[in-house]
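Below is one structure. I have some questions about it.
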Amino acid sequence: MSQKNPHSKIFILAILSVSIMITTGTAISSALPEMAKSFPNISVAKIDMIATIQQFSVMVTLLLSGIISKKIGIKKTISIGLILTGVAGVFPLFSHNFSLILISRLIVGCGIGLFNSLAITIIDLFYEDPTRSEMLGFRSATEQIGVSILNIIVGMLVLINWHASFLIYLLAFPLLAFFLKVVPEPPIPETNSDKKQRINVSVIIMTLLLALMVACSTSVVIQIPNIVVTDLSKTGAVSSLIISVNTLMGMITGIFFGRVYGFVKKFVLPIGIIFMAIGSLVIVSYHSVLGATIGAIICGISYPLVGSYIFSLVNVIAPEGSETLANSTLLIGANLGSFSTPFFLSELGKLNSLTTQAGPFLTIFWLLIILTVIILIYQLFFQKKTNNQL
């Protein structure tokens, strides 16, 4: 009976376990340099899409998951998502066809999109504040723990070959079995479907900002393996350890976000952006594994500060009664930022004279410095007049 108690440890673990698979798209980035050797006629930008293209289909199914869950139930929708993620995720283990691998990654995105937002919804349905807020924090940390551990596993599997790296998606099946055994079907509350939701300029601005910061954060995860393997002639195992440290730092920062926000308030936004700028400068300035590691750690502090702050603003910036649409819009922006990262890196690399794999980070540094100045000017000189919490 304790398993059915939402406050029991095993129930909490089962609820959180779903979130382990949400950020697995970029977990295989350490295998991309080795994969590129098998496809010499494919551009680096297209190879990098293996780690991000699933975000495109995530955006589509994010919008559909709510509709589907109302038809068949939340538990079945999450189960279908995990099955799709597991089956399509391991497909590259058996295939050497680049086009088919890209298609399988799109299917992975469909699976993740089905349970992405529902991983938050089931917490909302089973818990009330303050437990709910605590569980949402644990859920965010679970994502970071999952991708960090999987990065390390990928680093070991890539020593076999790049195909073996995709074995990590087999994890979806024991997670599915655990979830099905422990978690019952949560009730879906009745909603007022007559009330039309809308978004405003503030939500759009925050969505664009979130997309940019996710693109910068994902750039670190995607480009570190290229820097380590191509520029520094080290192995994919080394790059996976660096990425794991980056995600662990993100996890720690996310856990302490509440305390940081309580101390610096609205300035947590420019502070978070500055961390990404400084980390990018360190990555591009120090041509060494140590430099890449320190830069990745500093960058890891950034997104949890910016992302958590933006999502915490939803109740303030969204039109009344449109919080759900605002959250979905922000999630779409985040996935769009991740999906566009290979193109983002390619274009930024053209804006300076550096020819190394770390070159795009110099442009990222200057872009974020300019953005920080704009935000600070707004907060210091205009925010007082509008009394807006942005």
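Test of understanding: in a Gaussian network model of the chain with alpha carbons linked when under 10 Å, which of Ile28, Ile294, Ile68 would top the mean-square fluctuation ranking?
Greatest mean-square fluctuation among the candidates belongs to Ile68.
Right, here's the next one. Mean-square fluctuation check for the chain, GNM, Cα pairs under 10 Å: which of Lys75, Lys265, Lys196 is largest?
Per the Cα network of the chain with a 10 Å cutoff, Lys196 tops the list.
Taking springs between alpha-carbon atoms closer than 10 angstrom, which of Ile74, Ile242, Ile199 fluctuates most in the Gaussian network model of the chain?
Ile199
Loop sites only, by DSSP: take the GluC sites (Glu not before Pro) in the chain that have at most 16 other C-beta atoms within 10 Å and name the longest stretch containing none of them. The partial results should precede the final answer.
On the way: sites that count: Glu128, Glu190, Glu320.
Excluding the exposed sites themselves, the longest stretch runs over 191-319.
Follow-up. Tell me which DSSP H helices of the chain clear both cut-offs, 30 Å or more of axial length from alpha-carbon atoms and a mean Kyte-Doolittle hydropathy of at least 0.0.
Membrane-span-like by this rule: 131-157, 201-226, 289-312.
Here's a follow-up. Give me the number: length gained by fully extending Ile255 to Asn97, i.e. 0.36 nm times residue separation minus the C-alpha to C-alpha distance, one decimal in nm. If you can, show how the numbers build up before the last one.
Details: separation 158, 0.36 × 158 = 56.88 nm, distance 4.11 nm.
That works out to 52.8 nm of additional length.
Looking at this model, which pairs from Lys71/Lys196; Lys196/Lys265; Lys9/Lys266 are more than 23 angstrom apart at the alpha-carbon?
Numbers: Lys71/Lys196 21 Å; Lys196/Lys265 32 Å; Lys9/Lys266 35 Å.
The pairs that break the limit, which is 23 Å between Cα atoms, are Lys196/Lys265; Lys9/Lys266.
Could you list, in their original order, any pairs among Lys37/Lys350; Lys4/Lys75; Lys234/Lys350 whose Cα atoms are separated by more than 21 Å?
Values: Lys37/Lys350 23 Å; Lys4/Lys75 14 Å; Lys234/Lys350 25 Å.
Too far apart for the 21 Å limit: Lys37/Lys350; Lys234/Lys350.
For the chain, what is the charge dipole size about the Cα centre, in debye to the nearest 20, if Lys and Arg each add +1 at the Cβ and Asp and Glu each add -1 at the Cβ? Working shown, then result.
Numbers: 22 positive and 14 negative charges, 50 e Å.
Its charge dipole is roughly 240 debye.
How high is the relative contact order of segment 246-390, given as a whole-number percent (alpha carbon pairs under 8 Å, six or more residues apart)? Please list the in-between numbers first.
Details: 143 pairs, mean separation 41.3, N = 145.
Dividing the mean separation by the residue count of segment 246-390 yields 29 percent.
Turning to a different aspect of this structure: Residue farthest toward the positive end of the dipole of segment 1-186, with Cβ of Lys/Arg at +1 and Asp/Glu at -1: which of Val87, Thr26, Ser148?
Sorting the options by dipole projection puts first Val87.
Give me the percent relative contact order of the chain, please, defined on Cα pairs under 8 angstrom at least 6 residues apart. Display every interim value, and only then the final one.
Working: 620 pairs, mean separation 85.8, N = 390.
22 percent.
Let me ask another. Using modelled backbone amide H atoms (1.01 Å from N, in-plane), which distant-in-sequence or interchain residues come within less than 5 Å of His287's amide H?
So His287 has HN proximity to no qualifying residue.
Using R₀ = 51 Å, calculate the FRET efficiency as 1/(1 + (r/R₀)^6) where r is the Cβ-Cβ separation of Ile72 and Asp231; round to 0.05. Walk me through the numbers before you get to the answer.
On the way: r = 49 Å, r/R0 = 0.96.
Here the calculated transfer efficiency is 0.55.
Could I have the simple spin-label model distance between His7 and Glu347, label points 7 Å from Cα toward Cβ, reported in nm to one decimal?
Using points 7 Å along Cα→Cβ, the separation is 5.1 nm.
What ranking do Trp366, Trp162 get, fewest neighbouring Cβ atoms within 10 angstrom at the top? Kindly include the intermediate steps, with their values, before the conclusion.
Numbers: Trp366 15, Trp162 23.
Fewest to most other Cβ atoms nearby, the residues stand as Trp366, Trp162.
Is it possible to state the helix-based mean residue ellipticity at 222 nm for the chain, with each DSSP H run of 4+ residues giving -39500 (n - 2.57), the sum divided by total residues, to the nearest 500 deg cm²/dmol? What is it?
On the way: 19 runs with 270 residues, N = 390.
After summing the helix terms and dividing by residue count, I get -22500 deg cm²/dmol.
Between Asp124 and Leu170, what FRET efficiency comes out of the Förster formula 1/(1 + (r/R0)^6) with R0 = 45 Å and r the beta carbon distance, rounded to 0.05?
Values: r = 30 Å, r/R0 = 0.66.
Computed FRET efficiency for Leu170 and Asp124: 0.90.
None of the figures in this text is laboratory data; all of them are computed from the coordinates on show. Note that the structure is predicted; figures quoted are calculated from it, not measured. When we count neighbours, we look across all protein chains shown, and the Cβ atoms used for this are built from the backbone with ideal geometry, even at glycine.
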